[in-house]
Amino acid sequence: MSDNGEKSPLAVFREHCAKGELAYQVTKDGKPIYYPRIVAPGTGGPLTWKVSKGLGTVYATTTVFPRKGDPYDVSLIDLDEGFRMMSRVENIDPMKVTIGLRVKVRMIAATEKEPPYPVFDPVEAAR
Amino acid sequence: MTNLRGNVAIVGTAESDLGQVAPDMTPFDLMAQGTMRALDNCGLKLSDVDGYFCATAQSRMVAMAMCEYLGIQPKIFDSTQIGGSSFMAHVAHVQAAVAAGVCEVAVVAYGSTQRTVSRAASSSRDPIPHEDPYRPFMPSSAYAMAAARHMHQYGTTREQLAAVAVAARDWAKLNPVAFRREDLTIEEVLSAPMISYPFTVRDICLVTDGGGAIVLTTPERAKDLKLKPAYVLGTGEYISHNTITCMPDLTVSGAAYSGPIAYKKAGVGAKDIDVFELYDAFTINTLLFLEDLGVVKKGEGGAFVASGAIAPGGKVPVNTNGGGLSYCHPGMYGLFLLIEAARQIQGVCGDRQQKNVDLALAHGNGGVLSSQCTVILGSEETL
């Protein structure tokens, strides 16, 4: 087994999640990048990790109506640092999640089945 | 760059069995059925085929499977897989192969048994670590978010989106092989079971089995065949993203790039096109593509479709076969758009045939608005 390989971008992202941090990457020019990658899209240049303040705005949203279980939110969130990610807005009726809603990140802790991952709450509810 | 305008023509088209096919039928069976029907349609033989282009979500190495199945050793084979627009890309690749002298008679084929084996079993999805934890109902949720964004920015309504489904249904009533031909109203679309807001099940394409093929050849060989050739005047291909997270603007699809490339090669504009066949996997698609392909201005698609403009008798015939919403949608629908566009030029569409069709546009979409490929076909008069 190789011992000198680079850590996977996903592993680094999840290590941050485990510490309660929403991590993203920036290019040499400071352009924010998400999802985590080995190289910068467009240039192939290097990327460095940063931690987001976790505040963002809902860019697009839908409510999924599964065959079994309750409806839930799926949204695209524009973080204030300038990157976009998919997530779920919780602690609000999913049909009341609207484009433009201000949201704040919260980490779902790891379970045996699933690694840790970020979700969002409305800023009002998060206070 | 060499202009390949009109260097090949679609000369034969065929659907395989559609809807719910016989038990144990495979995607390869449907592709073979489509291939032979399309060759019969134009009067060519299997031994004439020296290029084979195909795609399906149900096979990893489909070109190999089909060459074995049909017992052919074509000079070029290609199973480019970019979802529902794969077949438009295949047409572009056929043009290049013919221009390079690699082949003269090419088949583009598709087959799927997704209704029989279930959607989940028919197309495995790549793991997407940055989206999977949120359980989006894909692909519907991605398109639903595009619709939500269009509604937010332009005031588009669910009723306007529903008008797309109703127009498709009204076209399907004119197509004897359409899967759904019963009446459909705006109210029925809105009150159908909600899947991923703002989409009910009636905003979403059918889940059917099906396949088919088209045959393309040179203008010289096209002249001696059974039907009028539909010449390939221009193609445009564009990939803007793979996952919906990375789509730059959910209200502007890559059709805004692929369309102008195809129009430029063909030397025509949106106003010149007689019929539009637009990949309607969801009601929002038709709106986005009408806007991005220059039929209406950005944001005006909702009012346009609600006015009846794209329904039978409207001023712009769109999805004259009933579309993926009402005719058939076996997973990757792009080939059926090319079939209908070519047939409208050939004048063989029966009750739904439009008068004097010289220019037809087929626009394919793949993934989650990810790959966009436009093909413009023309009659001999347009050469």
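Where a number appears in this text, it was derived from the coordinates with a stated rule and is not lab data. Model, not experiment: these values are computed from the prediction. Don't worry about glycine lacking a Cβ; one is built from the backbone with ideal geometry, like all the others, and counts go over all protein chains shown.
Quick notes
Yes/no matrix, rows are residues, columns are (1) crowded, with 24+ Cβ neighbours inside 10 Å; (2) in contact (Cβ under 8 Å) with a residue 12 or more places away in the chain; (3) in contact with a Pro (Cβ under 8 Å, 6 or more places away or on another chain):
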{"position": "B:96", "(1), (2), (3)": "no, yes, no"}
{"position": "B:101", "(1), (2), (3)": "no, no, no"}
{"position": "B:114", "(1), (2), (3)": "no, yes, yes"}
{"position": "B:123", "(1), (2), (3)": "no, yes, no"}
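- Tally, over segment B:335-383, of residues that are over 16 Å from residue B:262 (Cβ atoms), outside any loop (DSSP other than H, G, I, E, B) and among the aliphatic types (A, V, I, L, M): 2
- Top-ranked residue in segment A:23-46 [being within 13 Å of chain B (Cβ to nearest Cβ) and loosely packed, with under 15 Cβ neighbours inside 10 Å; ranked as nearest to residue A:119 (Cα to Cα)]: A:37
- Subset of segment A:78-110 (residues that are of a type in the set (Asp, Glu) and either more than 12 Å from chain B (Cβ to nearest Cβ) or assigned to a loop (DSSP other than H, G, I, E, B) (or both)): A:80, A:81, A:90, A:93
- Options B:313, B:254, B:301; residue that is at positive phi and away from chain A (no Cβ under 14 Å): B:313
- Flag for residue A:58 being surrounded by 18 or more Cβ atoms within 10 Å (Cβ to Cβ), within 12 Å of chain B (Cβ to nearest Cβ), free of Cβ contacts under 8 Å to residues at least 24 places away in the same chain and assigned to a strand (DSSP E or B): no
- 2 or more residues among the hydrophobic types (A, V, I, L, M, F, W, C): qualifying helices (runs of 4 or more DSSP H) within segment B:131-240: B:140-154, B:158-172, B:186-191
- Cβ pairs under 6 Å, 6+ apart, first in segment B:140-161 and farther than 13 Å from residue B:287 by Cβ, second in a helix (DSSP H, G or I) and of a type in the set (Phe, Trp, Tyr): none
- The residues of segment B:178-201 that are within 14 Å of chain A (Cβ to nearest Cβ), surrounded by 17 or more Cβ atoms within 10 Å (Cβ to Cβ) and more than 19 Å from residue B:145 (Cβ to Cβ) amount to a single one, B:192.
- Unmet criterion (only one of (1) surrounded by 17 or more Cβ atoms within 10 Å (Cβ to Cβ); (2) of a type in the set (A, V, I, L, M); (3) more than 12 Å from chain B (Cβ to nearest Cβ)) for residue A:51: (1)
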